[in-house]
Amino acid sequence: MKKYILGLGLFFILQLTCAQGTLSNEAARNMEITQKVDSVLSLMTLPEKIGQMNQYNGFWEVTGPTPKDGDAARKYEHLKAGLVGSMLNVRGTEEVEKLQKIVVEETRLGIPLIIGFDLMHGYKTISPIPLAEAASWDLDAIGNSAAVAAEEAAASGINWTFAPMIDISRDARWGRVMEGAGEDPYLGSKIAYARVKGFQGDDLAATNTIAACAKHFAGYGFSESGRDYNTVDVGTSTLYNTIFPPFMAAIDADVKTIMNSFNELNGIPATGNGFLQRSVLKEEWKFKGFVVSDWGSINEMINHGYAKDGKQAAELAVNAGSDMDMESYHYVKYLEGLVDSGAVDEALVNDAVKRILRVKFELGLFDDPFKYCDREREKQLIGSKKNMDAVLDMAKKSIVLLKNEGGLLPLQKSGLKIGLIGPLADDKDSPLGSWRLAADDNSAVSVLEGLKAYPGNAITHKQGVALTLEKPSFILETKINTTDRSGFEEAVQAARNQDVVIMVLGEHGFQTGEGRSRVSLDLPGLQQELLEAVYKVNKNIVLVLMNGRPLAINWADTNVPAIVEAWHLGTQSGHAIAQVLYGDYNPSGKLPMTFPKNVGQVPIYYNFKNTGRPTIPAPDLVFWSHYTDMDNDPLYPFGHGLSYSKFKYGDLKLSENRLIGEGKMEVSFTLTNIGKYEGKEVVQCYLRDLVASVTRPVKELKDFKMVSLKPGESREVIFTLDKSSLAFYSANNKWETEPGDFKVFVGGSSKTVLEGDFSYER
Ligand code: NOJ
């Protein structure tokens, strides 16, 4: 500690040369940090600078393939030599303190480590998977959920998270859709902003906030055929209009770091992609934070066929703007030689190090490297009532009622005989979802436990079939049971004499996430067979789905009267589901991703292009854009979600039918609750630009609001549009609004019910 204080003494003798009185507080603080960063940099040797650009994985948690030559002894040696700037997958005050102490006390300059961790949806108290949270469309709740995760993690030594994941994806086969906000760039941008603010708060130096990392830059969600890590080839319009907007929103929210992606983009791996990382991110968007490579992605450029060896990979990555090397070992091995030989300009190393030091200063790590290690707060926060309440609230808001016919839901609270059947009905682990590294196994409330909180009904529980063959884990393949039918008949018999059968089916939490692509979107294993067998003896089925991606549940939609999308809802899953089933919470979630009828329709998304042959020209003629064996429509469109109330949309009015220059236009309509329950509706406003310099989608979400109404109540809802609502990345390679004709649509899903026309003039 002594040495650390001596080292820091050098920075504190700095005088601020600017006339601070004339600067805003923020500008003055920025300038102060810039001067401190420059001062530290001036003290550093080249190896020390390169050390700041080196990030190692910790010693027990693994979230990627471990390098063959990686060993703990060398990592400790490098820590002591000042050759490590960051660690990931280290958690808990004790472990973090141990490592922080090494760098602070034993290295020449005592520069603290920044400690990164994947908090996709919570630290120990687990909130719904991000795709589920996105279904809430509730930006405050989503921001709060990120803040809860940040606060818990920040008390446990973590000061940086590799979240939010903001990759737009249209392909449900890709297992990582569970980590994102779905298919839409507008909703995705709003959520990206909310999550970054939630993690970082207003003051990054506060002890309950941490640095966020928007990932994966860029295009990772467009991997061919939904296979993880696969090639990405997209054109300029998709890149700018669909993939980039959430990253632009994250930068607007002042995100401190960005992670690049494993994929190649149009022939150049993102990690070695100077267009993405330098031209777009750092020059065009003026991103001031640092870029971290994804796990081993510098080394993977060799497999991509872009670098011939580790040395060239390091050269390409640093020149392209990857500031920190996660687990490739190539910067620490080769960068010094590359600078000495002139292959890499030291100015680029300096730039990377300054960016990294800046974030460390902003976190307050130089003032107190141990500030994120607070055993008392760690004890108080983890599993606290406050956090449990927050994730329960988020879980209820994330549930989507997909179908409700025949009045099965909400359930009456007494006098019913209920059969509870399915492999996920009493599972306390799977609802935690994927990416919940710090959570305790089996720490979720199961549906059975949730239902027991309502003792008025008699519950008969049978698993039916097992979903998995052995206990699934984050890093190993999940083995699905396709043969063992023990318990099957018993469950079917038990279903026979029930008033209602609740079937809890879907995917195991570890069937989604990284490295978990699927070619089928059906219910895995023997579950479809079980569902159909139960249906034969009892048609009063409420299907509760647990899944991390859209599924193709065509048969269920045709036959089962009520379907509740319950995703993987985290620690409080069972309580949230029970409260919705019993009507103590009226569901209001809306799908952030289209559900296909068949995997063959994927990628399927609401904001598609019209094509030159959109409609059938004459009966039976084949020459139009369609399938011969299924229609083009999804099973459930983007934005779909029911309530126990019913909402009527009417009386659409446009304040103008010509929007001119900088003017504004109001789109108003009346929403009426014509149901029997008080409820919330997410009302959605979409546009279509009819003719443009590059073709535009048939519909694009432009705004949404959440409206709560009592039975019989009506309200006028107003959306305000201006030219920014019409802007897109045009054929002139810039963001602009082109004059022309537009359509505006309003409704409770992307299958809208109201429609109007207007034009825009410059
Ligand atoms: C690889 C994943 O792609 C990335 O999202 C994650 O943050 C890192 N591993 C670290 O766990």
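The values are calculated or read from the model by the stated rules, or taken from the named source; none is laboratory data. Predicted model only: the values in this text are computed from it and were never measured. Every residue, glycine as well, gets a Cβ built from its backbone with ideal geometry; the counts of neighbours run over all protein chains shown. For the accessible areas, the whole protein counts, side chains as well, though only heavy atoms, and no ligand, DNA or RNA atoms are used. Shrake-Rupley method; radii C 1.70, N 1.55, O 1.52, S 1.80 Å.
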request  = Using Cα positions and a limit of under 20 Å, work out the aspartates and glutamates in reach of Lys471, with same-chain residues fewer than 8 apart set aside.
outcome  = Glu61, Asp426, Asp427, Asp429, Asp440, Asp441, Asp484, Glu507, Glu514
query = Using heavy-atom solvent-accessible surface (probe 1.4 Å) with all chains present, what is the largest-first order of Arg355, Arg29?
reply = Arg29, Arg355
request  = Let me know the charge dipole size of the stretch 647-761 about its Cα centre in debye, to the nearest 20, where only the beta-carbon of Lys, Arg (+1) and Asp, Glu (-1) is charged.
outcome  = 440
ask   = Hey, how many Å between the Cα centroid of the stretch 312-345 and the Cα centroid of the stretch 350-391?
value = 29
remark   = Excluding residues fewer than 8 positions from Lys311 in its own chain, the lysines with Cα under 30 Å of it are Lys49, Lys68, Lys75, Lys80, Lys215, Lys256, Lys282, Lys286, Lys288, Lys333, Lys354, Lys360
ask   = Which of Ser517, Ala425, Leu591 sits closest to the plus end of the dipole of the stretch 397-601, meaning its Cα is farthest towards the positive end, when Lys and Arg get +1 and Asp and Glu get -1 on the C-beta?
value = Leu591
note = Note to self: with every protein chain in place and a 1.4 Å probe, the stretch 647-761 gives an accessible area per residue in Å² of 46
query = Under a no-solvent Debye model with one identical scatterer per Cα of the stretch 397-601, what's log10 I(q)/I(0) at q = 0.14, 0.19 Å⁻¹?
reply = -0.76, -1.53
request  = Taking the Cβ of Asn538 as the centre, find all other residues whose Cβ is under 11 Å away and add up their charges (Lys, Arg: +1; Asp, Glu: -1).
outcome  = +3
ask   = Over the chain, what is the mean sequence separation of C-alpha contacts under 8 Å (at least six apart), divided by residue count, expressed as relative contact order in percent?
value = 13
key: Reachable lysines, given that their alpha-carbon falls under 19 Å from the alpha-carbon of Lys536 and they are not under 8 places away in the same chain   = Lys417, Lys462
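Per-residue ellipticity at 222 nm for the chain, helices alone: DSSP H runs ≥ 4 residues times -39500 (n - 2.57), over residue total, nearest 500 deg cm²/dmol?
The helix contribution divided over the chain gives -8500 deg cm²/dmol.
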ask   = Over the Cα atoms of the stretch 153-233, what Rg and Dmax result, in angstrom?
value = 14.3, 43
Cβ-based net charge around Asn457, under 15 Å, with every Lys or Arg adding one and every Asp or Glu removing one = 0
query = Separation of the stretch 702-716 and the stretch 200-268 by C-alpha centroid, Å?
reply = 33
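For Ser693, Ser725, give the ranking by accessible area with the largest first, probe 1.4 Å.
From most exposed to least exposed: Ser693, Ser725.
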key: Against the rule of thumb 2.2 N^0.38 Å, how large the Cα Rg of the stretch 647-761 comes out   = 1.14
message = Please give me, ordered by residue number, the trypsin sites (Lys or Arg not before Pro) of the stretch 614-690 that lie in loop per DSSP and have at most 13 other Cβ atoms within 10 Å.
response = Lys676
query = Taking a quarter of the surface of the convex hull around the Cα atoms of the chain, what do you get in nm²?
reply = 34.7
key: Mean separation of Cα contacts under 8 Å (6+ apart) over length of the stretch 675-762, as relative contact order %   = 32
ask   = If Lys and Arg each add +1 and Asp and Glu each add -1, what is the summed charge of the other residues whose beta carbon sits under 9 Å from the beta carbon of Pro697?
value = +2
task = Work from the charge dipole of the chain (Cβ charges, +1 for Lys and Arg, -1 for Asp and Glu, about the Cα centre) and give the residue of Tyr193, Thr628, Val501 farthest towards its positive end.
result = Val501
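Please report, in debye to the nearest 20, how large the charge dipole of the chain is about its Cα centre when each Lys and Arg carries +1 at its beta carbon and each Asp and Glu carries -1 there.
880
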request  = Post the alpha-carbon centroid distance, the stretch 414-450 to the stretch 600-660, in whole angstrom.
outcome  = 36
The stretch 625-691 - percent relative contact order, Cα under 8 Å, separation 6 or more = 33
remark   = Toy charge model, Lys and Arg Cβ at +1, Asp and Glu Cβ at -1: the stretch 397-601 dipole around Cα centroid in debye, rounded to 20, equals 400
